[in-house]
Amino acid sequence: MKKILIIAVILLSGCSWSKSDIAWGVASTLATGADIYTTSEMLDNPNNYEMNPILGKHPSNSEIFMVLATSQIIVLTIAHFCPTLRPYLLGGKTAISGGWAIHNSQLPR
């Protein structure tokens, strides 16, 4: 989680994003962090499985982190170079990651 936040701060600092764009970037990064945490936690129950086909049914914590953190970095990078798409990319990523984090938190532990 700390690594994602550090990368997000590096990408967001020094760029000419508006305050709302930065807020969306932070929200998106926090939602991704929540998704990483809840995914790792819910997989402690052997009856639960991951639905992301890239990760497989029972990925390790490092696999979860690498895939979800990489997706966040890619979205932030695309948002940086495509300012007209920025609110849609970051808002969409926030909604998707936040939705999966909520879904994961409701699974049995």
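Rule-based calculations on the coordinates, nothing more; no lab input. Values in this document were obtained by computation on a predicted structure and should not be read as measured data. Counting neighbours? That spans all protein chains shown, and the Cβs are built from the backbone with ideal geometry, glycine included.
Among ARG109, ARG86, which comes first, then next, by fewest other beta-carbon atoms within 10 Å?
Least crowded to most crowded, the residues run ARG109, ARG86.
Restricting everything to alpha-carbon atoms, can you work out Rg to Rh for the chain with a Kirkwood hydrodynamic radius?
A ratio of 1.00.
Grab the beta carbon distance between CYS82 and ALA23, set R0 = 22 Å, and tell me the FRET efficiency rounded to 0.05.
Between CYS82 and ALA23 the formula returns 0.80.
Using 7 Å Cα-to-Cβ label points, what is the HIS103/ASN61 separation (nm, one decimal)?
My value for the distance between the label points is 2.3 nm.
Within 10 Å of each residue's Cβ, count the other Cβ atoms and sort LEU90, LEU55, LEU85 from fewest upward.
Lowest to highest Cβ neighbour count: LEU85, LEU55, LEU90.
From the phi angles alone, apply the Karplus equation (6.51, -1.76, 1.60; θ = phi - 60°) to the range 83-97 and give each ³J(HN,Hα) in whole Hz, x where the residue is Gly or Pro.
For the range 83-97, the Karplus curve yields x, 6, 8, 3, x, 6, 4, 6, x, x, 5, 4, 5, 5, 5 Hz.
Would you mind counting up the charge near LEU76? Only other residues with Cβ under 10 Å from its Cβ, with Lys and Arg at +1 and Asp and Glu at -1.
Counting the neighbours of LEU76, the net charge comes to +2.
Could you tell me, in Å, what Rg and Dmax come out for the Cα atoms of the range 53-95?
12.5, 37
At R0 = 41 Å, how high is the FRET efficiency between ILE74 and ASP44 if r is their beta carbon distance? Nearest 0.05 is fine.
Plugging the Cβ-Cβ distance into 1/(1 + (r/R0)^6) gives 0.90.
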